[in-house]
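Below: the structure, in structure tokens.
The values are calculated or read from the model by the stated rules, or taken from the named source; none is laboratory data. These numbers were taken from a predicted model, which means no experiment stands behind them. Note that we place each Cβ from the backbone using ideal geometry, even for glycine, and neighbour counts take in every protein chain shown.
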Amino acid sequence: MTLQLAHLVQLWGHPEMGATTPNDLQVDLQLELGPVCSDSRQLQPGAFFIPLRGERFDGHTFLDQAAELGAQAAVVDQDWNHPLPDGLLHWRVENTLWAYQQLATLHRRQLKAGIVAVTGSAGKTTTRELIRVALAPLGEIQATVSNNNNDIGVPLTLMGAHQGHAAVVLEMGMRGLGEIERLSRCVEPEIAVITNIGTAHIGRLGSRAAIATAKCEITAALAPQGVVVIPAGDPLLEAALSRCWSGRTLRVALEDDIASDLPESDCPAADLVGIHDAQQGLLSLEGLRFSCPLDGRHNARNLMLALAVASELGVPLVDLQDLKVTVPGGRNRRLSIGTLTLLDETYNASPEAVLAALDLLAQQSGRRFAVLGTMLELGISSIELHEAVVARAIQLGLDGLVAVASGEEAAAMQRAASSLERFALVESPELAAETLNRWLQPGDTLLLKASRGVALERLIPLLKQP
């Protein structure tokens with residue numbers, strides 16, 4: 001991304017240079033600045049440097065280094081009181097992160113690409129990747145990679161887009177109220193996707209209703225002619241959305257998703273209804289049959305969201321019947337250790353994601369085992385939700401369960417598992433592997449699911465071929 005100085009004068013007023021006052025500085029408003037860079041290690045000559053601040057770093061300490069490497073301009077927080085490099089064109093701003101996001105918005109307004117924003121309590125990354133591959137017939141697609149779904153990562157991804165991109169797909173995460181609103185105002189999406197409203201981060205927000213409100217902030221800067229794509233059948237989501245969005249909403253559902261006793265006023269009918277055949281791995285929709293690239297009913301629903309987005313942007317559904325997608329590690333990964341089938345879902349866990357993974361496990365043949373680790377950031381609901389996932393595992397008739405947990409969550413899981421013949425409570429993935437190596441036999445299926453902090457993937461190399 002490159003900028004003209006005139007654009008920045010409109011944003012922040014006249015620049016300064018060293019000790020020069022604004023009135024003394026004569027500048028060429030057609031001067032091009034950029035590319036924008038927030039990492040001094042990647043800085044190119046002529047760059048526009050954004051010194052960001054974090055809990056353990058302050059980019060302002062690299063201003064001298066940035067100038068030596070050839071940065072020609074920068075923004076600086078108003079409270080930075082140290083001398084600035086001679087000759088460095090700069091603006092004093094209230095917050096360099098906000099300035100970074102303003103630059104991303106400026107760049108976004110120059111793009112012709114369709115802008116799609118994705119959020120939700122679970123399935124954000126999977127849905128993002130499904131949308132990315134579904135939009136591929138349009139041309140080159142820019143999309144979020146890794147965990148760049150926050151205040152820094154979203155503008156970084158957006159500014160990486162160029163005029164050759166047909167669409168930009170941006171994942172938006174959050175830890176509290178206001179974060180997704182900021183990101184929405186940064187990217188000004190044309191299509192907003194909310195995958196679901198669950199209990200992830202309920203410890204921070206207090207209730208599913210508050211989570212729904214936070215997720216619906218994605219509409220804050222949604223184009224008036226834009227569309228929100230959501231799963232049908234959630235009264236909390238519908239209520240939160242009605243308070244902030246009066247434009248078009250597109251609802252998708254799998255057959256039998258929606259309770260028949262819910263009034264239409266609480267849950268409007270779905271616009272697209274698909275039929276999922278788990279055994280064949282197929283989704284039937286609009287008279288077409290689609291191969292499901294990922295296992296599980298929850299991923300069939302995510303595919304419905306992606307197909308709806310693609311259709312909105314002009315991709316014929318008939319071109320999307322055999323999508324292939326690869327999701328980042330620890331998500332929907334099926335491994336084999338000899339004849340043992342391993343369902344690797346170790347990347348992260350919310351209660352809804354655990355329940356969906358357990359349902360997928362229950363569809364497998366042979367004996368079925370699970371390792372469930374602590375689910376974090378659930379607040380006062382934590383005990384109840386840990387008991388609930390264990391109760392579901394028992395209801396599904398699993399042949400054994402290992403819980404990797406400690407404290408009150410461990411006690412709750414142990415209480416819930418009192419009727420299960422094979423249950424073990426351990427404090428580390430390594431100890432879980434020891435138990436599993438005694439239990440597992442050829443032909444078994446094993447699910448691994450826990451929050452990121454548990455690092456459950458550590459047990460995978462310790463498993464022996466049964």
Kindly indicate the residue of region 315-371 that is β-branched (Val, Ile, Thr) and buried (at least 22 other Cβ atoms within 10 Å of the Cβ) and also farthest from Val389 (Cα to Cα) among those meeting that condition. Thr346
Say whether the condition of being among the charged types (D, E, K, R), surrounded by fewer than 22 Cβ atoms within 10 Å (Cβ to Cβ), not in a strand (DSSP E or B) and not assigned by TED's automatic domain parsing to the domain that holds Ser365 is met by at least one residue in region 298-305. no
Could you tell me which of the residues Gly453, Gly400 is closer than 21 Å to Tyr347 by Cα and out of contact with any Pro (no Cβ under 7 Å at 6 or more places or on another chain)? Gly453
So, of the residues in region 420-450 that are touching a Pro at 6+ places or on another chain (Cβ under 9 Å) and assigned to a loop (DSSP other than H, G, I, E, B), which turns out to be nearest to Ser382 (Cα to Cα)? Ala450
Quick check, is Ala416 crowded, with 21+ Cβ neighbours inside 10 Å, farther than 18 Å from Ala200 by Cβ, of a type in the set (A, V, I, L, M) and modelled with pLDDT of 95 or more? yes
Tell me, please, whether a residue that is of a type in the set (A, V, I, L, M), over 24 Å from Phe290 (Cα atoms), modelled with pLDDT of 95 or more and not in a loop (DSSP other than H, G, I, E, B) can be found in region 142-154. yes
Among residues belonging to region 43-96 that are in contact (Cβ under 8 Å) with a residue 40 or more places away in the chain and surrounded by fewer than 12 Cβ atoms within 10 Å (Cβ to Cβ), point out the one that is nearest to Leu31 (Cα to Cα). Gly87
Would you mind stating whether Ala214 is of a type in the set (A, V, I, L, M, F, W, C), closer than 30 Å to His7 by Cβ and not in a loop (DSSP other than H, G, I, E, B)? no
Hey, can you tell me all the residues within region 272-323 that are touching a residue at least 24 places away in the same chain (Cβ under 8 Å) and of a type in the set (Ser, Thr, Tyr)? Ser291
Please tell me if Ala167 is under 23 Å from Tyr100 (Cα atoms), assigned to a loop (DSSP other than H, G, I, E, B) and over 16 Å from the mean Cα position of the chain (by Cα). no
